[in-house]
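Student: Supplied in structure tokens, the structure appears directly below.
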Amino acid sequence: MKEDEPNEFESAAEQSGGGIISELWAFLKSNKKWWMLPIIVLLLLLGLLVLLSGTGLAPFIYTMF
């Protein structure tokens, strides 16, 4: 093997991964774990509420509960 040729590891590292969303979607699709989708959505919504509670929207969020 020549020094200037990329080996299998280097060529795999240069490929685009696609991001965490596509990785998660591929995992759910390939492993048939569709029951995890509502849990992930609810956790994302809860995180969004926590982030918005520190902004000017906080009084409106507190009135929801």
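Student: Accessible area per residue of the chain at 1.4 Å probe, in Å²? Show your work: numbers first, answer last.
Tutor: On the way: 6000 Å² over 65 residues.
Accessible area per residue, the chain: 92 Å².
Student: If R0 is 30 Å, what FRET efficiency do you get for W25 and D4 from their C-beta distance, rounded to 0.05?
Tutor: Given R0 = 30 Å and the Cβ-Cβ separation, E is 0.25.
Student: On C-alpha positions alone, give me the angle between the axis of helix 20-31 and the longest principal axis of the chain, in degrees, nearest 10.
Tutor: The helix 20-31 is inclined about 80 degrees to the chain.
Student: State whether the chain is rounded, prolate or oblate according to the following rule on the C-alpha gyration tensor (a ≥ b ≥ c being the square roots of its eigenvalues): a/c under 1.5 gives rounded; otherwise a/b larger than b/c gives prolate, and the remaining case gives oblate.
Tutor: oblate
Student: Give me the percent of the accessible area of the chain that comes from carbon and sulfur atoms, probe 1.4 Å, all protein chains in place.
Tutor: It is 69 percent, rounded to a whole number.
The values are calculated or read from the model by the stated rules, or taken from the named source; none is laboratory data. Keep in mind it's a predicted model, so treat the numbers as computed, not measured. Counting neighbours? That spans all protein chains shown, and the Cβs are built from the backbone with ideal geometry, glycine included. Areas reflect the complete protein model, heavy atoms only, side chains present, ligands, DNA and RNA absent. Shrake-Rupley method; radii C 1.70, N 1.55, O 1.52, S 1.80 Å.
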